[in-house]
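Trainee: To start, I am sharing the structure in question, which I have written as structure tokens.
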Amino acid sequence: MYRVIGTAKSRAFRVMWMLEELGQPYEVEPALPQTDDIRRYNPLGKIPALVDGDAVLTDSVAIMTYLADKHSGMTAPAGTPERARQDAMTLWLVDEMDALLWTAAKHSFVLPEKLRVPEVKPTVKAEFARNADRLAGMLRGDFLMGDVPSLPDILASHCLGWSLVAKFDPLPDSIKPYTKRLRERDAYKAAAAR
Ligand SMILES: N[C@@H](CCC(=O)N[C@@H](CS)C(=O)NCC(=O)O)C(=O)O
């Protein structure tokens, strides 16, 4: 059985959601960032980690990619042009959504107070709002890569939800039906119930 190290209120939720989509059993071992509980698995002190037998894997996107490839679900096959397009979408989300949320978090509570620059936050929020609207225009059917959901949809949905928790601007109307569609999935609800 897979073991997800982290908490559901973190990027570990992406991994839990992916495991639910793939129908794989898992247990969650709670660990907070920068504690001995996570440093046993990731010397960087970052969550999440995944334990699969003897293998310990880190980084939510790397773990989701591993699981999707291993179980042939929620992804285009590796080595295909469609996979390259999917990976480009994933990396755009990392650059233009996750990185903005992380910058805001760092300048709100992660960095030592003397290193925080709160003035950066309005710029970060404005960029995020622009990118959320752009995302709506990138849908290729019901989901980002076509008519079936895939890894970037989990990532996008998680980032959009995180932006609300972080008190970014309300989501543009253009993206709301997409987020609703994803949150109505059984796999999302099952992961959230954990
Ligand atoms: N790119 C990594 C980022 C992991 C990360 O920064 N996780 C946060 C919690 S969601 C954390 O552990 N932060 C602690 C730190 O950076 O010191 C991923 O997607 O897993």
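Trainee: Does Gln24 satisfy the criteria of being at pLDDT 95 or above, of a type in the set (S, T, N, Q) and under 21 Å from Ser150 (Cβ atoms)? Spell out the reasoning first.
Mentor: Values: at pLDDT 95 or above: yes; of a type in the set (S, T, N, Q): yes; under 21 Å from Ser150 (Cβ atoms): yes.
Against the criterion (at pLDDT 95 or above, of a type in the set (S, T, N, Q) and under 21 Å from Ser150 (Cβ atoms)), Gln24 qualifies.
Trainee: Would you check which residues across segment 146-194 are among the hydroxyl-bearing types (Ser, Thr, Tyr) and not in a loop (DSSP other than H, G, I, E, B) and list them?
Mentor: Answer for segment 146-194, where residues must be among the hydroxyl-bearing types (Ser, Thr, Tyr) and not in a loop (DSSP other than H, G, I, E, B): Ser157, Ser163, Ser174, Tyr178, Thr179, Tyr188.
Trainee: Any residue in segment 53-68 that is free of Cβ contacts under 8 Å to residues at least 24 places away in the same chain and farther than 18 Å from Ala99 by Cβ sitting within a Cβ distance under 6 Å of a residue that is near the ligand (Cβ under 8 Å from one of its atoms) and among the aliphatic types (A, V, I, L, M)? List the pairs, counting only those 6 or more apart or interchain.
Mentor: Leu57/Ile63
Trainee: On to the next question. Taking segment 1-11 only, how many residues are more than 9 Å from the ligand (Cβ to nearest atom), of a type in the set (Gly, Ala, Ser) and buried (at least 18 other Cβ atoms within 10 Å of the Cβ)?
Mentor: 0
Trainee: I'd like the full set of residues that are basic (Lys, Arg) and either within 18 Å of His71 (Cα to Cα) or crowded, with 23+ Cβ neighbours inside 10 Å (or both), limited to segment 12-42.
Mentor: The initial filter retains those residues of segment 12-42 that are basic (Lys, Arg), namely 14, 39-40.
Once the filter is applied, which keeps residues that are basic (Lys, Arg) and either within 18 Å of His71 (Cα to Cα) or crowded, with 23+ Cβ neighbours inside 10 Å (or both), segment 12-42 yields only Arg14.
Trainee: OK, next. With segment 58-144 as the region, which helices (runs of 4 or more DSSP H) entirely inside it contain at least 3 residues that are surrounded by 13 or more Cβ atoms within 10 Å (Cβ to Cβ) and in the same structural domain as Gly23 (by TED's automatic domain parsing)?
Mentor: 60-71
Trainee: Shifting gears a bit: If we scan segment 33-50, do we find a residue that is within 15 Å of the ligand (Cβ to nearest atom), touching a strand residue (DSSP E or B) at 6+ places or on another chain (Cβ under 9 Å) and polar (S, T, N, Q)?
Mentor: Looking through segment 33-50, at least one residue is within 15 Å of the ligand (Cβ to nearest atom), touching a strand residue (DSSP E or B) at 6+ places or on another chain (Cβ under 9 Å) and polar (S, T, N, Q).
Trainee: Could you list, ordered by first residue, the pairs with Cβ atoms under 9 Å in which the first is in segment 7-19 and within 14 Å of Arg185 (Cα to Cα) and the second is of a type in the set (Val, Ile, Thr) and within 9 Å of the ligand (Cβ to nearest atom), at least 6 apart or interchain?
Mentor: Listed pairs, sorted by first residue: Arg14/Val61; Arg14/Ile63; Met18/Ile63.
Trainee: Does segment 102-121 contain at least one residue that is of a type outside the set (Gly, Ala, Ser), under 20 Å from Glu21 (Cβ atoms) and within 19 Å of the chain's Cα centre (by Cα)? Write out each step before concluding.
Mentor: First pass over segment 102-121, keeping only residues of a type outside the set (Gly, Ala, Ser): 102-103, 106-107, 109-121.
Filter once more, keeping what is under 20 Å from Glu21 (Cβ atoms): none.
No, because not a single residue in segment 102-121 is of a type outside the set (Gly, Ala, Ser), under 20 Å from Glu21 (Cβ atoms) and within 19 Å of the chain's Cα centre (by Cα).
Trainee: Among the residues of segment 159-179, are any aliphatic (A, V, I, L, M), in contact (Cβ under 8 Å) with a residue 24 or more places away in the chain and closer than 16 Å to Ser60 by Cβ?
Mentor: Looking for residues that are aliphatic (A, V, I, L, M), in contact (Cβ under 8 Å) with a residue 24 or more places away in the chain and closer than 16 Å to Ser60 by Cβ, one finds at least one in segment 159-179, hence yes.
Trainee: Among the residues of segment 128-156, which ones are free of Cβ contacts under 8 Å to residues at least 40 places away in the same chain and small (Gly, Ala, Ser)?
Mentor: Gly137, Gly141, Gly146
The values are calculated or read from the model by the stated rules, or taken from the named source; none is laboratory data. Everything numeric here is computed off the predicted structure, so don't read it as measured data. Note: ideal-geometry Cβ built from the backbone for every residue, glycine included; neighbour counts use all protein chains shown.
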